[in-house]
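In what follows, a structure is listed as structure tokens, so that the remarks can point back to it.
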Amino acid sequence: MNKANTRLRFAPALLLVSLCLPLVPSARDGAVPSARDGAVPSAQDNPFLSPYKTPFATPPFDRIQIGHYLPAVQEGIRRHQAEIDAIVANPKAPTFENTIVALDMSGQLLGEVNAVFYSLLSAATSQPMQDLANELAPLLSTHNDNIALNGRLFARVQAIYDRRAKLKLDAVQRYLLENTYRGFVRSGALLDEKQKDRLREINKEHSLLALKFSDNVLAETNSSFIVIDSKDDLAGLPAGVVAEAAETAKAMNMDGKWVFTAQKTSWIPFLQYSSKRSLREALYTRWFMRGDRDNDKDNKAVLQKLMVLREERYRLLGYKTPADFYLEPRMAKTPATVNEFLMRLWKPALEQAKAEAAGMQKLIDEEKGGFQLQSWDWWYYAEKLRKAKYDLDDSALRPYFKLENVQQGMFTLAEKLWGLKFVERKDIPVYDPEVRVAEVHDADGTLLGILYMDFFPRDNKQGGAWSGGFRGTFYKDGKRVIPFATLVGNFTKPTPGTPSLLSIDEALTSFHEFGHALNTLFTDSRYRSNFAPQDSVELPSQIMEHWVLEPEMLKLYARHYQTGEVIPAALVEKLRNSSLFNQGFETVEFLASCFLDMTWHQLESALNVNVTRFEKKIMDGLGLIPEILPRWSSTYFTHIHGGYEAGYYSYMWSEVLDCDAFEAFKETSLFDRKTAASFRRNILAKLGTEDAMTLYKRFRGREPKVEPLLKKRGLL
Ligand SMILES: [Zn+2]
């Protein structure tokens, strides 16, 4: 399962991962009212600037006000810069301790203020918070540049790197040194001054264009909708879907009508259930033509310019294509490996999808539809076949997945695998009264960390689910500093008389995010820097999803919220049988976007590319059937300008790892303590501190195999 909207924990810093800054959103154009409006608290009142007097020194949310952030960030930058200056000014010859470790330990205040600010910007936001984010972005990016392009600092790093073979470093230290060095080089440290100037220009132009690309997509999404004003045109739609469309219309001042938009939560249910074929076509066309309407929000030229700039940037840094640059620090390492990997999945997936299309055409013909299946028909006929074949009804399942039971299920699993204990705390300050906090204890009673859980949608919270934290872990004076992890979701809310009853997808999401949180809690790292490759970070989370629907596991938590009865075997059987349904389609539409991403980034020159013809040529070359479009097309594929450049494949790559890793449990037992201990020791505790493939091989005794993934998707 791919949760594209899931944010990664401790997202890599802008350029140097060792800065430990959360990903900073880019500044928007236009004047922003200053978040400094109003009284600025004095330094001694600023809770960020003195030791926290809270249990475990957790962030004092009861005292933090919006006016505290900016002065705390400014002070954080000042202290960080002073620390960097001290490293550079050290009269002693550069050593691993006085340079690499000192750099790793620098910027702690800034890191902690940012972790709180950016967590709350997503989970408890407001207009002043968003304005402040715009104000902070240029401050932080300039600060970042000042470090990344500091020639004297780099000279010290390089001096140590050049002597690395003689330094008797252990694997973790070597990894820290190599990645620190590589971070500088990849940011342009080896360039001459003229090249550095050109790089700064490219970066600036590129960031503005990337912003324009996403602004265009947003504008196109907001202006792409259909309005329905006759009840006849609602034929086939469930009451909940209709009610939501009425709400949307109301919010757009179209009381009494129904609006369906280009948001997935709106168009997918419409395409699934609407029996009005022409309306399905109208809405789906609005979705997939975004950014490609030759209007002032058209993204074709923007995209082309972005790619040309990227090509120049990475040629300047010594790479043949952008893909070569992006792949270098990842597990896959080269574009060729990724292409080969994708192609291996593509062939069986395409065969499967063709068979699925034939099944739908048969149904259309039986109903005397008299038309050829088209892309906007797929969801509708898939839904019909699913119901006919598996007789599965979402509302019959939900009563067995009460949120509290699912949560207990996660805790029970962690206890069975690793002996963890979760103890609720009511006295730790939270940023919203809905947030629940638990101490997490290891099997021997040691405190591992603190877990904040925030389950329900609110007006001030962004959509989706994610896991992050207010502090990562490291060692200070020989003692482990405990991490503060978060698990945030937007799960079905309780209503008067009914508790929160989750869908299967929500139950899977909750275990998924719990996996990220466990990764944060288990991390046992001497240093603050974490260099987990992007194509490995979904392993700890996606593996947890495998337990959710195992009969042995369901017995432990999936009880009816009224009767306490365990979910009936027949229902579980239906669920398991339906798990392979439509997988050809799901895999093909996902892979098509991966190929698109990879092909764009392997161009040596996008200068004369016609976006439409380019995309068509790729899809024709793959033999994609016209009934399926890529999940994301070029003109609205925001991932590949927002952190997933040549990286959309990462979800699937991680899925190979999690399927193969879960097999280790299947080969022993679902709750095998020895396998769990090895998974923790080699993966959960160490990911990001040593080479990911080496760690994986230590756990599994070999490299991952792709077969378990093929089996799971029914492609073998
Ligand atoms: Zn995830």
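A Förster radius of 35 Å, combined with the Cβ-Cβ distance separating residue 390 from residue 415, puts the computed FRET efficiency at roughly 0.60.
With angles folded into 0 to 90 degrees, how steeply does helix 108-123 sit against the dominant principal axis of the chain? Use alpha carbons for both and round to 10. Orientation of helix 108-123: about 20 degrees from the principal axis. Taking the average, over residues, of other Cβ atoms within 10 Å as the packing measure, peptides 538-549, 158-169, 177-188, 255-266 rank 538-549, 177-188, 255-266, 158-169 from highest down. The charge dipole of the chain, taken about its Cα centre with unit charges on the Cβ of Lys, Arg, Asp and Glu (plus for the first two, minus for the last two), comes to roughly 1540 debye.
Between residue 195 and residue 570, 0.36 nm times their residue separation minus their Cα-Cα distance comes to what? Please list the in-between numbers first.
Numbers: separation 375, 0.36 × 375 = 135.00 nm, distance 6.62 nm.
Extending this stretch completely gives an extra 128.4 nm.
Run the paramagnetic zone check for residue 503: 7 angstrom along Cα to Cβ, then residues of the range 545-566 with backbone nitrogen under 13 Å. Output list for this probe position: empty.
For the range 393-444, the set of trypsin sites (Lys or Arg not before Pro) satisfying both a DSSP loop assignment and a count of at most 16 other C-beta atoms within 10 Å is given as 426.
In a shell of Cβ-Cβ distance under 15 Å around residue 497, excluding residue 497 itself, what net charge do Lys and Arg (+1) and Asp and Glu (-1) give?
On the way: positive: 398, 402, 493; negative: none.
Counting the neighbours of residue 497, the net charge comes to +3.
Roughly speaking, what is the stretch gain from residue 698 to residue 460, that is 0.36 nm per residue apart minus the C-alpha to C-alpha distance, in nm to one decimal? Walk me through the numbers before you get to the answer.
Details: separation 238, 0.36 × 238 = 85.68 nm, distance 4.33 nm.
Answer, rounded to one decimal: 81.4 nm.
Counted over the range 427-558, the DSSP beta bridges are approximately 75% antiparallel.
I'd like to know which of 284, 73, 623 lies farthest towards the positive end of the charge dipole of the chain, counting +1 on Cβ of Lys and Arg and -1 on Cβ of Asp and Glu. Selected residue: 73.
DSSP beta bridges confined to the range 449-517 are antiparallel in about 65 percent of cases.
With a 1.4 Å probe and every protein chain kept in, tell me what percent of the accessible surface of the chain is carbon plus sulfur.
On the way: 15880 of 30170 Å².
Carbon and sulfur atoms account for 53 percent of the accessible area of the chain.
A probe of 1.4 angstrom, applied to the heavy atoms of all protein chains, finds residue 423 with accessible area near 70 square angstrom.
What does a probe at residue 105 reach in the range 62-83, counting residues whose amide N is under 15 Å from the point 7 Å along Cα→Cβ? Within reach of a label on residue 105, which here means backbone N under 15 Å from a point 7 Å along Cα→Cβ, the range 62-83 contributes 80, 83. Each of residue 142 and residue 250 was given a label point 7 Å from its Cα along the Cα-to-Cβ line. The distance between the two points is 4.7 nm.
Of all beta bridges that DSSP places with both ends in the chain, some 80 percent have antiparallel geometry.
Using Cβ point charges alone (K and R +1, D and E -1), the dipole size of the range 432-576 about the Cα centre works out to roughly 340 debye. The slack in the chain from residue 125 to residue 560, taken as 0.36 nm per residue of separation less the alpha-carbon distance, amounts to 153.1 nm.
Converting phi to 3J(HN,Hα) with the Karplus coefficients 6.51, -1.76 and 1.60 and the offset θ = phi - 60°, the range 239-256 yields 4, x, 5, 5, 4, 5, 5, 5, 4, 4, 4, 4, 5, 9, 6, 10, 3, x Hz in sequence order, with x at every glycine or proline. Calculate the length of the line joining the C-alpha centroid of the range 603-659 to that of the range 204-221, in whole Å. Here the two parts' Cα centres lie 18 Å apart.
What is the distance in Å between the Cα centroid of the range 299-378 and that of the range 171-193? If we compute the Cα centre of each part, the gap is 32 Å. The calculated FRET efficiency for the pair residue 289 and residue 63, based on their C-beta separation and a Förster distance of 56 Å, comes to about 0.65.
The values are calculated or read from the model by the stated rules, or taken from the named source; none is laboratory data. Bear in mind the structure is a predicted one, so any value in this text is a computation, not a measurement. Virtual Cβ from ideal backbone geometry, glycine too; neighbours counted across all protein chains shown. For the accessible areas, the whole protein counts, side chains as well, though only heavy atoms, and no ligand, DNA or RNA atoms are used. Shrake-Rupley method; radii C 1.70, N 1.55, O 1.52, S 1.80 Å.
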